[in-house]
1. Determine which single condition Arg72 fails, assuming it passes every other condition in (1) within 24 Å of Ala276 (Cβ to Cβ); (2) surrounded by 12 or more Cβ atoms within 10 Å (Cβ to Cβ); (3) free of Cβ contacts under 8 Å to residues at least 60 places away in the same chain.
2. Checking the structure you have, find out if any residue of region 163-178 is touching a Lys or Arg at 6+ places or on another chain (Cβ under 8 Å), open to solvent by less than 40 Å² (accessible area, probe 1.4 Å) and either under 30 Å from Pro42 (Cα atoms) or hydroxyl-bearing (Ser, Thr, Tyr) (or both).
3. Test Ala77 against the criterion of being over 30 Å from Ala3 (Cβ atoms) and open to solvent by less than 60 Å² (accessible area, probe 1.4 Å), and give yes or no.
4. So which residues in region 197-211 are more than 26 Å from the chain's Cα centre (by Cα) and within 14 Å of Ser266 (Cβ to Cβ)?
5. Of everything in region 125-158, what is part of a strand (DSSP E or B), open to solvent by 60 Å² or more (accessible area, probe 1.4 Å) and either free of Cβ contacts under 8 Å to residues at least 40 places away in the same chain or in contact with a His (Cβ under 9 Å, 6 or more places away or on another chain) (or both)? Give them in sequence order.
6. Any idea which of (1) over 17 Å from Arg72 (Cα atoms); (2) small (Gly, Ala, Ser); (3) more than 19 Å from the chain's Cα centre (by Cα) is the one Gly255 doesn't satisfy?
7. Taking the conditions exactly as written (open to solvent by less than 30 Å² (accessible area, probe 1.4 Å), over 21 Å from Arg199 (Cα atoms), part of a helix (DSSP H, G or I) and small (Gly, Ala, Ser)), does Ala276 satisfy them or not?
8. Return the residues of region 226-252 that are among the hydrophobic types (A, V, I, L, M, F, W, C) and under 15 Å from the mean Cα position of the chain (by Cα); say none if nothing qualifies.
Amino acid sequence: VFAVLPASGERKGMFVTVVGGPGGSGLAAADPYTAAFDPRIPEQFDIVFFDQRGVGASGELACPDAAATYYRADWQAGTPEQEAALVEAARTFAQDCVREMGVPPERLRFYGTDQAVEDLEAFRAVLGDAQFWLYGESYGTQFAQWYAAAHPDRVAGLILDGAVDLALDGIQFAFDTTRAFNDALVTTLAACDAVPACRRDVGGDAVRAYDRLAGQLDRAPVTLQFPLPGGASVGRTLGLSELETAAAGFLYTEGERMLLQRAIASAAAGDFVPLAEQTQ
């Protein structure tokens with residue numbers, strides 16, 4: 001499913017945005033993204049967002065239960081036993097996710113980037129533009145590079161935001177990503193130390209507060225009563241894997257980093273609910 005916001009002024013072409021993921025909904029991001037663009041872009045270009053096949057309005061394939069189970073698994077791999085458990089958790093997730101989505105395994109090949117790139121090319125052909133501008137972020141940079149390699153004569157301009165190096169193998173990519181997340185986390189915590197009120201809320205040094213929290217959850221998960229929308233509550237456990245998932249997932253924007261820092265400060269004071277909210 002593709003959505004087009006026609007140029008409000010003299011049209012100079014088409015500007016297509018590919019969001020991150022894979023699995024992010026372009027349609028869901030269309031309004032805030034467009035509002036953040038330089039005003040000359042929506043004035044001079046048709047703005048295009050889309051839900052890649054299998055995502056949102058293009059099939060809505062998802063496996064929230066399988067994903068929740070996987071992200072709560074113990075991701076430590078310091079011993080052969082932990083490594084074997086982690087491999088088994090990943091294998092179980094892959095199997096359970098496909099089963100939960102209800103997609104026959106033989107159809108999975110139709111949801112890859114190569115197929116989605118050809119969907120965009122078919123859309124371009126229908127609109128009749130010989131070329132267009134292509135903007136991608138995170139996974140969207142992989143998509144954009146793939147499209148540019150497959151159809152180089154159709155790209156008027158290529159903008160890569162948070163570019164993924166396609167020359168890296170999976171292990172090196174994971175290593176570099178982990179290091180980048182860690183650097184962003186340390187920078188976020190150091191920014192807290194520079195603000196007296198934030199430093200006070202976290203109980204002193206923010207990096208040390210995070211390390212103490214990680215050590216506590218590594219030794220044993222904490223149990224808490226998690227509030228539900230209707231006023232009731234349910235028992236939940238929070239472990240190191242949930243902390244690391246929340247830390248990685250809430251480092252992308254200033255607003256999310258603020259929420260993460262507040263959650264760490266609350267956990268340092270013994271209230272783990274804000275941190276648990278970020279692992280939903």
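The values are calculated or read from the model by the stated rules, or taken from the named source; none is laboratory data. Please read these numbers as outputs of a predicted model, since none were measured by experiment. Don't worry about glycine lacking a Cβ; one is built from the backbone with ideal geometry, like all the others, and counts go over all protein chains shown. Each accessible area value is taken on the protein alone, full model and side chains, heavy atoms only, with ligands, DNA and RNA left out. Shrake-Rupley method; radii C 1.70, N 1.55, O 1.52, S 1.80 Å.
1. (3)
2. no
3. yes
4. Cys198, Arg200, Asp201, Val202, Gly203
5. Leu158
6. So Gly255 meets the others, but not (3).
7. Yes, satisfied.
8. Ala246, Ala247, Ala248, Phe250, Leu251
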